[in-house]
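Everything on this sheet refers to the single structure shown next.
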Amino acid sequence: MIIVNEPLFIGNEKKYLQECIETGWISSEGSFVKKFEEQFTSYLGVKHGIAVANGTVSLELALRALELEKGSEVIIPSHTIISCVMAVLNCDLVPVLVDVDPYNWTIDVNQVKDKISKKTKVIMPVHMFGHSCDMDPIMELAEKHGLYVLEDAAEVHGGKYKGKYCGSFGHLSSFSFYANKIITTGEGGMVTTDDEKLAEKCRYYRNLCFQPQQRFLHEDLGFNFRITNLQAAVGMAQVEVFDKLISIKKKQGAIYTEAFKENNAFQIQKVEPWAEHVYWVFGLLLKDDVEFDGKEWAKRLIELKVQTRPFFWGMHEQPALHKLGFFKNEHYPVTEKLSRRGLYVPSGMALTDEQMKQVIEAVKQTTN
Ligand SMILES: *Cc1c(COP(=O)(O)O)cnc(C)c1O
């Protein structure tokens, strides 16, 4: 079986982990945490990094740092992971959805305009599958209406928008280092920002709102969102080979693109002129006139020993959110189509050329 996502360790991971064990520095107090934050952010050209336990709490921490009035609205795409909505709800804020573009699958900026109200405080663009959102019009809208921008950059490590790294546009950005992400620490995440005050807030809330003047005296309630030195050690080793990791992803993207660009059965993600795509995963979307759906396609591919994953299920179609009274009669047709007719093929860091050939053959065989 060719599995959908297998990580690859080509750097100093073992060496740094061994160092943690030998020195006894395994908690978040160890020196790799700061080093990882510094190296990751200096690569992106951002001033501050706050490493945390995962990409879900990273989103929450970023929103928390803004200290917004209860009930403020956050605009997010309907086609995303539940983490985005959870972060909003956990901060007592209100999620407002917009659909995504039918071709590049990132947030539809024209629809964002229509959803801005007096209560809107944040736009949360989610870079999708390694391809950046259209950041210029988002930043313009935010400026015009006095809004914050929080980029969810979990899927776009090293990807660029008009020559500048994703995760360096928003007032805050959020990364995940889950095992299937381009840089991974197993579980992990990071908030990045150029704003010193927001960075301070993030550090404060990350660590139980401890304050330097009097330990164990608390003015506010925070969280334990800390990352361990063990995780940061692995992250550090990966940042050292960041260029290499990105070039592996780009090569995979080029091979799949060449194989899949001309066919009658499915579309691939459109690469906009503004984007430097890092192909975190390679998505395929069945055309409307194909008589089977994504689920059936996945089944056929499994029979050929190719594991796949479906696209996200729309936020407006989540029973857990309906129960809370959200999005009940809302419809986002592009998202609905993506969730039913899309899947992504094996895209892990450890994927070999030989395996890619097999994947390509299987995809062709199932769509002939
Ligand atoms: C992976 C991912 C997250 C969540 O990250 P975890 O580390 O798994 O909590 C958030 N947003 C997006 C877009 C993701 O792909």
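The values are calculated or read from the model by the stated rules, or taken from the named source; none is laboratory data. The shown structure was predicted, so the numbers you read here are calculated from the model rather than taken from an experiment. Positions of Cβ are generated from backbone atoms using ideal geometry, with glycine treated the same way; all protein chains shown enter the neighbour counts. Note: accessible area is taken over every heavy atom of the protein model, side chains too, but ligands, DNA and RNA are not part of it. Shrake-Rupley method; radii C 1.70, N 1.55, O 1.52, S 1.80 Å.
Helices (runs of 4 or more DSSP H) fully within segment 236-338 that include at least 1 residues being within 16 Å of the ligand (Cβ to nearest atom) and either open to solvent by 70 Å² or more (accessible area, probe 1.4 Å) or closer than 30 Å to Glu37 by Cα (or both): 242-260.
On inspection, Phe9 passes the criterion of being among the aromatic types (Phe, Trp, Tyr), farther than 16 Å from Ala154 by Cα, away from the ligand (no atom under 16 Å from the Cβ) and open to solvent by 20 Å² or more (accessible area, probe 1.4 Å).
Of all residues in segment 79-133, those being away from the ligand (no atom under 15 Å from the Cβ) and small (Gly, Ala, Ser) number 1. For segment 45-54, filtered to residues that are open to solvent by 10 Å² or more (accessible area, probe 1.4 Å) and under 16 Å from Met236 (Cα atoms), the residue that is farthest from the ligand (Cβ to nearest atom) is His48. Restricting attention to segment 40-55, does a residue exist that is farther than 30 Å from Met356 by Cα and free of Cβ contacts under 8 Å to residues at least 24 places away in the same chain? Yes, because at least one residue in segment 40-55 is farther than 30 Å from Met356 by Cα and free of Cβ contacts under 8 Å to residues at least 24 places away in the same chain. Does segment 39-52 include one or more residues that are in a loop (DSSP other than H, G, I, E, B) and either within 15 Å of Arg206 (Cα to Cα) or among the polar types (S, T, N, Q) (or both)? No. Say whether the condition of being of a type in the set (A, V, I, L, M), assigned by TED's automatic domain parsing to the domain that holds Ser72, over 21 Å from Ile76 (Cβ atoms) and surrounded by 24 or more Cβ atoms within 10 Å (Cβ to Cβ) is met by at least one residue in segment 223-232. Yes - at least one qualifying residue is present in segment 223-232.
Any residue at all in segment 192-205 that's within 10 Å of the ligand (Cβ to nearest atom), within 12 Å of Gly49 (Cβ to Cβ) and either free of Cβ contacts under 8 Å to residues at least 12 places away in the same chain or not aromatic (Phe, Trp, Tyr) (or both)? No, because not a single residue in segment 192-205 is within 10 Å of the ligand (Cβ to nearest atom), within 12 Å of Gly49 (Cβ to Cβ) and either free of Cβ contacts under 8 Å to residues at least 12 places away in the same chain or not aromatic (Phe, Trp, Tyr) (or both).
Only one of the numbered conditions (1) closer than 30 Å to Val96 by Cβ; (2) open to solvent by less than 20 Å² (accessible area, probe 1.4 Å); (3) of a type outside the set (Phe, Trp, Tyr) is not met by Val33, and that is (1).
Being within 16 Å of the ligand (Cβ to nearest atom) and not β-branched (Val, Ile, Thr) is the filter; apply it to segment 55-73 and report the residue that is most open to solvent (accessible area, probe 1.4 Å).
Filtering segment 55-73 down to residues within 16 Å of the ligand (Cβ to nearest atom) leaves 55-64.
From what's left, not β-branched (Val, Ile, Thr): 55, 58-64.
Values: Gly55: 14, Ser58: 0, Leu59: 2, Glu60: 18, Leu61: 0, Ala62: 0, Leu63: 3, Arg64: 58 Å².
Going through the qualifying residues, I end up with Arg64.
Here are the criteria: (1) touching a Gly at 6+ places or on another chain (Cβ under 9 Å); (2) open to solvent by 10 Å² or more (accessible area, probe 1.4 Å); (3) more than 12 Å from the ligand (Cβ to nearest atom); (4) not small (Gly, Ala, Ser). Tell me which single one Glu155 does not satisfy. All conditions are met except number (3). Kindly evaluate Ile246 against the criterion of being among the hydrophobic types (A, V, I, L, M, F, W, C) and free of Cβ contacts under 8 Å to residues at least 24 places away in the same chain. No. Among residues that are without any contact (Cβ under 8 Å) to a residue 60 or more places away in the chain and of a type in the set (Gly, Ala, Ser), Gly71 is included. Quick check on Ile76: is it closer than 30 Å to Gln39 by Cα, crowded, with 22+ Cβ neighbours inside 10 Å, within 12 Å of the ligand (Cβ to nearest atom) and free of Cβ contacts under 8 Å to residues at least 40 places away in the same chain? So Ile76 fails the test.
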